[in-house]
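The values are calculated or read from the model by the stated rules, or taken from the named source; none is laboratory data. All values derive from a computational prediction rather than experimental measurement. Ideal geometry is used to build each Cβ from the backbone, glycine not excepted, and the neighbour counts take in all protein chains shown.
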Number of protein chains: 2
Amino acid sequence: MAAKTDDSDPAIPPAIESAWGLRERPPKGPRPGLTVSGIVDAAVRVADADGLAAVSMSRVAKELGAATMALYRYVGSKDELLMLMVDAGYGPPPGPAAPDADWRTSLTRWAWAEHDVLRQRPWLLHVPITGPPITPQQLGWLEDGLRCLDGTTLAEGERMSALLLITGYVRNDATLTTQITEGSRAAGIEPGELMPAYARMVGRLIDPARFPSLSRVLASGVLNQDDDPDEEFTFGLDRILDGIEALIRRRAV
Amino acid sequence: MAAKTDDSDPAIPPAIESAWGLRERPPKGPRPGLTVSGIVDAAVRVADADGLAAVSMSRVAKELGAATMALYRYVGSKDELLMLMVDAGYGPPPGPAAPDADWRTSLTRWAWAEHDVLRQRPWLLHVPITGPPITPQQLGWLEDGLRCLDGTTLAEGERMSALLLITGYVRNDATLTTQITEGSRAAGIEPGELMPAYARMVGRLIDPARFPSLSRVLASGVLNQDDDPDEEFTFGLDRILDGIEALIRRRAV
DNA sequence: TCCTTCTGCGTATGTCGTACGCTGTAATGC
DNA sequence: GCATTACAGCGTACGACATACGCAGAAGGA
């Protein structure tokens, strides 16, 4: 029998071990000049400043005054670095809500917390997700979300589904909102002008006979007025929470 | 005054003009040996066979027996090609539902249609979205969705929000489902083994005292049993439709 | 016929991720 | 105190990739 930890299960990827602080420094060899968290912080700094596209291994290394290849002593690949960046970028979860708050209030707070993080760091949305959450902060967010539903009648599986539903919505909303910001900057027009310009372009392209309902939306002008994005967000969130509430009531019977 | 079309509005990108068939062949010069749609079809073929990552300009050109740079006579950039690939990949919208169907039945059908497309072509999810829909098929899907809500009490803006909500959900669900398929193939294990392996890894990493709710979910075993993905999908979709239904009823008062 | 205008595409450039292997360093075993 | 050894930093090199540029030849109009 090996004296190491149970190897019958799938091995934990090195990046994950780093993230959970399970990596011990080997007893021999030169002292490391860098740290994983230092590299991740530098990468996050680059992404915050210039977007995810600017995060290259050489750029991160430059940020640290190190050579490109030095980073590979700490992260196995760029994908690993990205995963650690997401963990650091999200940061610690919002923490438990007030103890007397009901599930709906708590979940609303939870959703807004993720909403705020994604507004702050839009590049998080551009990191391709490759699997279920496994890093410390990610699981922390999940834990906090589950706690919001602790007193409800939902089954465990339903709680997970409900949280997945909400996270998905938050990310989706943030993606769309971000696109308007980034798209207008790319097109060189003010953010408030993008949707009207879009509406005009669609109007020029489509034939009202083939697209009657869409034409009606265009004619109504709802696309031109830029409503508060936060109201948009609240609208969708309330729809989803209404749906979950209906389920909770049904389970309570 | 210029004799051309109204230029006071933002110019329509060349790729969009191609997609809408507004591109006329110039009267002079050699006959084009390729077509935009031929290039797009080839690119879709590559993506279907080997995934979006395999779609490089040279690979698509090879598929057509042409040189890499020949493609740039037809598409302005790879991003344009991607946009056209999405349009072609989605294909025509499902068409109007039965005339006597209520909005909920119609929207369910609409959501399932997108669901099916994304199951068939998971690479569609990996194409970074850069703006609101503008290509013919995309707007066709939107039109069909709007028609589902034609008889309801919702305002135009609310209809758009509701559709956005549903599309977002469908894409999100497909993303998660696809990750399990692609992730298990990458890890070299059967798809049915991925979630149990994930659950075991999480169980080894977390401290039950710090993650009580999450531990409870793990202990319940819901992650181990692989339930029907279609049931998962139906669950979330019904939650969202419940939420929309609640709004429709409130508006009807 | 000649000129314009377009197509196909060869060449070249710059950016990336990263495999490999050399050099020097720090702690251990003797 | 010294040899051993495992590891840190990183220079070099390679293969992909998107794409700018410009030339050769074809097709149609004058």
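Out of curiosity, is A:Leu241 in a helix (DSSP H, G or I) and either in contact (Cβ under 8 Å) with a residue 60 or more places away in the chain or not assigned by TED's automatic domain parsing to the domain that holds A:Asp116 (or both)?
Values: in a helix (DSSP H, G or I): yes; either in contact (Cβ under 8 Å) with a residue 60 or more places away in the chain or not assigned by TED's automatic domain parsing to the domain that holds A:Asp116 (or both): yes.
Here the answer is yes, as A:Leu241 does meet what is asked.
Could you tell me how many of the residues in segment A:192-203 are in contact (Cβ under 8 Å) with a residue 12 or more places away in the chain and in contact with a Ser or Thr (Cβ under 8 Å, 6 or more places away or on another chain)? I'd like the intermediate steps shown before the answer.
Taking segment A:192-203 as the starting set, the residues that turn out to be in contact (Cβ under 8 Å) with a residue 12 or more places away in the chain are A:192, A:194-196, A:198-199, A:202-203.
Narrowing the set further to residues that are in contact with a Ser or Thr (Cβ under 8 Å, 6 or more places away or on another chain) leaves A:194, A:203.
Residues that pass the stated criteria total 2.
Please enumerate the residues belonging to segment B:209-226 that are on the phi > 0 side of the Ramachandran plot and surrounded by 14 or more Cβ atoms within 10 Å (Cβ to Cβ). Give the derivation first.
Of all residues in segment B:209-226, those on the phi > 0 side of the Ramachandran plot come to B:221.
Correct list: empty.
Quick check on my filter: what residues within segment B:146-166 are surrounded by fewer than 20 Cβ atoms within 10 Å (Cβ to Cβ), part of a helix (DSSP H, G or I) and in contact (Cβ under 8 Å) with a residue 60 or more places away in the chain?
Correct list: B:Glu158 only.
Quick one: what pairs do we get from segment A:11-39, first residue near DNA strand D (Cβ under 9 Å from one of its atoms), second of a type in the set (Gly, Ala, Ser), C-beta under 7 Å, 6+ apart or different chains?
Pairs that qualify, where the first residue is near DNA strand D (Cβ under 9 Å from one of its atoms) and the partner is of a type in the set (Gly, Ala, Ser), are A:Leu34/A:Ala66; A:Leu34/A:Ala70.
Can you spot a residue in segment B:126-140 that is within 16 Å of DNA strand D (Cβ to nearest atom), part of a helix (DSSP H, G or I) and not assigned by TED's automatic domain parsing to the domain that holds B:Val46?
If we filter segment B:126-140 for residues that are within 16 Å of DNA strand D (Cβ to nearest atom), which is where we start, we get B:126-128, B:130.
Pick out the ones that are also part of a helix (DSSP H, G or I) and you get B:126.
Filter once more, so that each one left must be not assigned by TED's automatic domain parsing to the domain that holds B:Val46: B:126.
Yes.
What pairs come up if the first residue lies in segment B:167-186 and is in the same structural domain as B:Glu232 (by TED's automatic domain parsing), the second is among the hydroxyl-bearing types (Ser, Thr, Tyr) and crowded, with 18+ Cβ neighbours inside 10 Å, and their beta carbons are under 7 Å apart, counting only those six or more places apart or on different chains?
Between residues of segment B:167-186 that are in the same structural domain as B:Glu232 (by TED's automatic domain parsing) and residues that are among the hydroxyl-bearing types (Ser, Thr, Tyr) and crowded, with 18+ Cβ neighbours inside 10 Å, the close pairs are B:Gly168/A:Tyr169.
May I ask you to list the residues in segment B:32-69 that are surrounded by fewer than 16 Cβ atoms within 10 Å (Cβ to Cβ) and aliphatic (A, V, I, L, M)?
B:Ala49, B:Ala53, B:Ala54, B:Ala67, B:Met69
Does A:Asp207 satisfy being farther than 30 Å from A:Ala98 by Cβ and more than 9 Å from chain B (Cβ to nearest Cβ)?
Working: farther than 30 Å from A:Ala98 by Cβ: yes; more than 9 Å from chain B (Cβ to nearest Cβ): yes.
Considered against the rule, which asks whether it is farther than 30 Å from A:Ala98 by Cβ and more than 9 Å from chain B (Cβ to nearest Cβ), A:Asp207 comes out as yes.
Using beta carbons and a limit of 6 Å, which pairs, at least six apart or on different chains, have the first residue in segment B:43-59 and within 14 Å of chain A (Cβ to nearest Cβ) and the second one away from DNA strand C (no atom under 14 Å from the Cβ)?
Listed by first residue and then by second, the contacts come to B:Gly51/B:Trp123; B:Leu52/B:Trp123; B:Leu52/B:His126.
Considering only segment B:204-224, how many residues are assigned to a helix (DSSP H, G or I), among the hydrophobic types (A, V, I, L, M, F, W, C) and in contact (Cβ under 8 Å) with a residue 12 or more places away in the chain? Lay out the reasoning, then the answer.
Kept after step one, since they are assigned to a helix (DSSP H, G or I), are these residues of segment B:204-224: B:204-205, B:212-220.
The next check asks that each one be among the hydrophobic types (A, V, I, L, M, F, W, C); those that pass are B:205, B:214, B:217-219.
Add one more test, that the residue is in contact (Cβ under 8 Å) with a residue 12 or more places away in the chain, and what stays is B:214, B:218.
So the count comes out to 2.
Among the residues of segment A:188-211, is any in contact with a His (Cβ under 9 Å, 6 or more places away or on another chain), among the charged types (D, E, K, R) and in the same structural domain as A:Leu149 (by TED's automatic domain parsing)?
Kept after step one, since they are in contact with a His (Cβ under 9 Å, 6 or more places away or on another chain), are these residues of segment A:188-211: none.
Scanning segment A:188-211, I find no residue that is in contact with a His (Cβ under 9 Å, 6 or more places away or on another chain), among the charged types (D, E, K, R) and in the same structural domain as A:Leu149 (by TED's automatic domain parsing), so the answer is no.
What helices (runs of 4 or more DSSP H), lying completely within segment B:54-125, carry at least 3 residues that are away from DNA strand D (no atom under 16 Å from the Cβ) and under 19 Å from the mean Cα position of the chain (by Cα)?
Working: elements: B:57-64, B:78-90, B:103-120.
Hits in segment B:54-125: B:78-90, B:103-120.
Look through segment A:227-250, keep the residues that are exposed (fewer than 14 other Cβ atoms within 10 Å of the Cβ) and farther than 19 Å from B:Ile166 by Cα, and return whichever of them is nearest to the other protein chains (Cβ to nearest Cβ). Steps first, please.
Restricting attention to segment A:227-250, the residues satisfying the condition of being exposed (fewer than 14 other Cβ atoms within 10 Å of the Cβ) are A:227-228, A:230-231, A:249-250.
Right, trim to farther than 19 Å from B:Ile166 by Cα and you get A:227-228, A:249-250.
Values: A:Asp227: 8, A:Asp228: 12, A:Arg249: 11, A:Arg250: 10 Å.
Result: A:Asp227.
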